[in-house]
Amino acid sequence: MPSPVRIGLLGCGVVGTGFLRLLAERTRAIEDAVGAPLTVTRLVVREPGKRRSVDLSGISVGVDPMAVAEADDVDVLVELMGGADAAYPPVRRALERGRSVVTANKHLVSIHGDELETLGAASGASLRYEASVAGVIPILQSLDHGLRTERFTLLVGILNGTTNYILSTMEREGRDFAEALQAARELGFAEADPSLDLSGADTAQKLTILARHAFRVPAPHGSIPTEGIVGMELEDLRQADRFGYVVKLLGIALRTPAGLDLRVHPAFIPKRYLLASVRDEFNAVYLRGEASGSMMLYGKGAGALPTAQAVLGDAMAVARDVRLRGMAAPVAASGASPTRRRPGPIAAGDEILSLDEIQTRYYLRLLVEDQTGVLAQIAHRLGSSRVGVAQMFQAPGHRGEAEITILTHEARDRDTREAVKAIAALPSVRRAPRAIRIFDI
């Protein structure tokens, strides 16, 4: 019987519990794939005395993550605590000691990923984090192996299950934003505090990671222009349908002649797009490469078992490495781990663009006084900012008010935003215009 590969597990929440369940249920398949059993020897939780739905017999349960990172009876560290501040010290220490690390922590990886991978490469360890982006979808594995040499021109992702469920529910059932959010909470698709999801920050962290792997461009944490779906109105989704679109929260990475366009925001996308059919808690990543053409990877982006399956896949991969080297003293390595596409110096033409300079189209919805000359005032403000009107629809007036919907031609994003501010300042405009970008490439 080969010696087991010993795992130190940090965290036993939803995903940690799912990971332990899969380890217990798939013992034979795991051993056949790895060549040795995987055994959890140590576990860190906040409340050691709490009753849990999984069997923890034979596992040393404690509260100190650094003790697990330092332990000699741990070959692989699996970090499922979440949060960058708490996770960083034990993950860094484990890598320093030549212990490979598996994590689902997008926050940690988006901030410290390059540093930690460099540290692991020097010690002979690896850092794997498939579960940090798009749940069970093997997007990082695809980018790091079969598509390693591809030059991508476009990556667009629906990367957050909470917001996608909310938008899908609003569209399908005609619920308003608050009702759809409550439905997401009841089904476990939204946290008690969903601000990270709703603000777009969760999607931005994932896009940071994807940009490093698909474009080999370092995108510093917090550098991607980000807007969320807070304030999305049911009427916006109805108007999208009227013009042949659906609304999705997108993470966008687009290579243009001027540079790399990285951004996160809700967008109208045409119904003909494959991404338009991605609903509820599902995620998808659409890619376009110079050699491979177009493709889309699709799967569940949230939930205990889908995420735990991605964690298990990474744990099995590093366990095979541990077994092959027989836990001999780590040999210092130079350069990057062969399993990861590390970002290098930004190549000419791949500089990250300012949001002000990118070219976009917009949907605008305005509530105005129903009187002569208002349309002319709006058209003048748009024209003064060099923004053209592609389509316009005016609903019948009611009680002296009229609702106007405008789809613009492509223009500089800054120019359209300036035009929207000027329109909002008109005395005839009753409320701030709704403005959502259109993504149709």
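Treating r as the C-beta distance of residue 425 and residue 52 and R0 as 56 Å, the FRET efficiency rounds to 0.45.
Seen against the Cα atoms of the chain and their longest principal axis, helix 84-96 is set at about 40 degrees.
Number of Lys-Lys pairs in the chain with C-alpha atoms under 17 Å apart and a separation of 8 or more places or on different chains: 6. For residue 59, nonlocal amide neighbours, meaning residues 5 or more places apart or on other chains whose placed amide H falls under 5 Å from its own, do not occur. Using a/c under 1.5 as the rounded threshold, could you call the stretch 60-105 rounded, prolate or oblate? The axes a ≥ b ≥ c are square roots of the C-alpha gyration tensor eigenvalues, and prolate needs a/b larger than b/c, oblate otherwise. Cα axes put the stretch 60-105 in the oblate bin. In the stretch 16-116 the Cα-Cα distances spread across 5 Å bins starting at 0 as 2, 11, 22, 23, 20, 14, 6, 0 percent of all pairs. Note on residue 179 and residue 118: the model spin-label points, each 7 Å out from Cα along the C-beta direction, lie 5.2 nm apart.
Taking the 0 to 90 degree range and rounding to the nearest ten, how far is the long axis of helix 201-214 tilted relative to the main principal axis of the chain, both from C-alpha atoms? The two axes meet at around 70 degrees.
Put a plus charge on the Cβ of each Lys and Arg, a minus charge on the Cβ of each Asp and Glu, and nothing anywhere else: the dipole of the stretch 135-177 about its Cα centre is then about 120 debye.
Nearest 0.05, what FRET efficiency do residue 297 and residue 221 give at R0 = 35 Å with Cβ-Cβ as r?
After rounding to 0.05, the efficiency reads 0.90.
3J(HN,Hα) along the stretch 255-267, derived from phi through the Karplus expression 6.51 cos²θ - 1.76 cosθ + 1.60 where θ = phi - 60°, amounts to 8, 10, x, 8, x, 9, 9, 10, 6, 10, 5, x, 8 Hz, with x in place of Gly and Pro. In this simple spin-label model, placing a label point 7 Å from the Cα along the Cα-to-Cβ direction at both residue 371 and residue 320 gives a separation of 7.3 nm. To the nearest 0.05, what FRET efficiency results for residue 28 and residue 145 with a Förster distance of 22 Å applied to their C-beta separation? Result of the calculation: an efficiency of 0.25. The accessible surface of the chain, taken with every protein chain in place and a 1.4 Å probe, is 51 percent carbon and sulfur. Diffusion of the stretch 170-304 by Stokes-Einstein, at 37 °C in a medium of 0.692 mPa s and with Rh set to the Kirkwood radius over alpha-carbon pairs, works out to 203 µm²/s.
Taking 0.890 mPa s as the viscosity and 25 °C as the temperature, the Stokes-Einstein diffusion coefficient of the chain based on its alpha-carbon Kirkwood radius rounds to 104 µm²/s.
Distance between the 7 Å Cα→Cβ label points at residue 394 and residue 350: 5.0 nm. Compute the Cα gyration tensor for the stretch 390-429, then decide on rounded, prolate or oblate, letting a ≥ b ≥ c be the square roots of its eigenvalues: rounded whenever a/c is under 1.5, prolate when a/b is larger than b/c in the other cases, and oblate in all that remain. Oblate, since a/c reaches 1.5 and b/c is not below a/b. Listed peptides 218-227, 388-397 appear in the order 218-227, 388-397 once ranked by packing, highest mean of other Cβ atoms within 10 Å at the front.
The values are calculated or read from the model by the stated rules, or taken from the named source; none is laboratory data. None of these values were measured; they are calculated from a predicted model. Neighbour counts run over all protein chains shown; Cβ positions are idealised from the backbone, glycine included. What goes into the accessible areas is simple: the full protein's heavy atoms, side chains included, and nothing from ligands, DNA or RNA. Shrake-Rupley method; radii C 1.70, N 1.55, O 1.52, S 1.80 Å.
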